[in-house]
Amino acid sequence: ATAVENYSTATADAYVQARDWNRLLAYTRQWAQAEPQSAMAWYYLGNTLLNGFQQEAQAVAPLQRATTLKPDWADAWYFRGTAEMLAGHYAEAGSSLERAIGLNANDTHYYMALVKVYELGIGAHQQAAVAPVLAYLVKLGQAGDANAQSLLGDMYHDGRGVAKNDTTAMQWYAKSAAQGHAYAEYSLGNAYMLG
């Protein structure tokens, strides 16, 4: 009789630390096959394909499986959105990243990825797919989300996916800075200093 493998994040992490992507891929595929109801197995498989092999399109399905099995896992939604974005599926990526932000509004990486989805979608002339992304950020900003407000300030200041507008940028920075957002305070102060 063959011994049953005890799959673990510790073993997977050891492969990650060693940057042994081939062994990690074999390990995570076996793990997902042996434990198909393990969100962690699918998460590691998706991230191995995404980060170890830069196979974004192939990473989407395992990460979708992870979020289906564990729908309240913000990081799984973030990596799913990242894979979808890099595979050029901007509308899906926007929805996944919005879900990640809804689950953990304090992780600025989620917001930055959402802005990247917006910029890439605009660059690919997929305005219809990414318009909801800007609308979502504006909605968060209007609701008082300091991270979204600061990012909107950056977007308008730099003309990132929107028409450059320093007045609008200052308004968003001011709202965020009023809540103690350090980067927005810096940006607002810098803008005043430079006139």
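The values are calculated or read from the model by the stated rules, or taken from the named source; none is laboratory data. This one's a predicted model, so the numbers in the text were calculated from it and none came from an experiment. Neighbour counts run over all protein chains shown; Cβ positions are idealised from the backbone, glycine included. What goes into the accessible areas is simple: the full protein's heavy atoms, side chains included, and nothing from ligands, DNA or RNA. Shrake-Rupley method; radii C 1.70, N 1.55, O 1.52, S 1.80 Å.
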Can you list the helices (runs of 4 or more DSSP H) lying wholly within the stretch 1-102 that have 1 or more residues being without any contact (Cβ under 8 Å) to a residue 12 or more places away in the chain?
9-18, 21-34, 56-69
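For the structure I just gave you, tell me whether Tyr44 is within 20 Å of Trp21 (Cβ to Cβ), aromatic (Phe, Trp, Tyr) and crowded, with 20+ Cβ neighbours inside 10 Å.
Values: within 20 Å of Trp21 (Cβ to Cβ): yes; aromatic (Phe, Trp, Tyr): yes; crowded, with 20+ Cβ neighbours inside 10 Å: yes.
So Tyr44 passes the test.
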How many residues does the stretch 178-195 contain that are hydrophobic (A, V, I, L, M, F, W, C) and touching a residue at least 12 places away in the same chain (Cβ under 8 Å)?
3
Kindly list, by first and then second residue, each pair from a residue in the stretch 149-167 that is of a type in the set (Gly, Ala, Ser) to a residue that is open to solvent by 10 Å² or more (accessible area, probe 1.4 Å) and not in a helix (DSSP H, G or I), limited to pairs with Cβ atoms under 7 Å and residues at least 6 apart or on different chains.
Ser150/His181
All but one of (1) aliphatic (A, V, I, L, M); (2) open to solvent by less than 20 Å² (accessible area, probe 1.4 Å); (3) modelled with pLDDT of 90 or more hold for Met170; which doesn't?
(2)
Going residue by residue through the stretch 77-84, is there one that turns out to be modelled with pLDDT of 95 or more, touching a Leu at 6+ places or on another chain (Cβ under 6 Å) and closer than 18 Å to Asn147 by Cβ?
yes
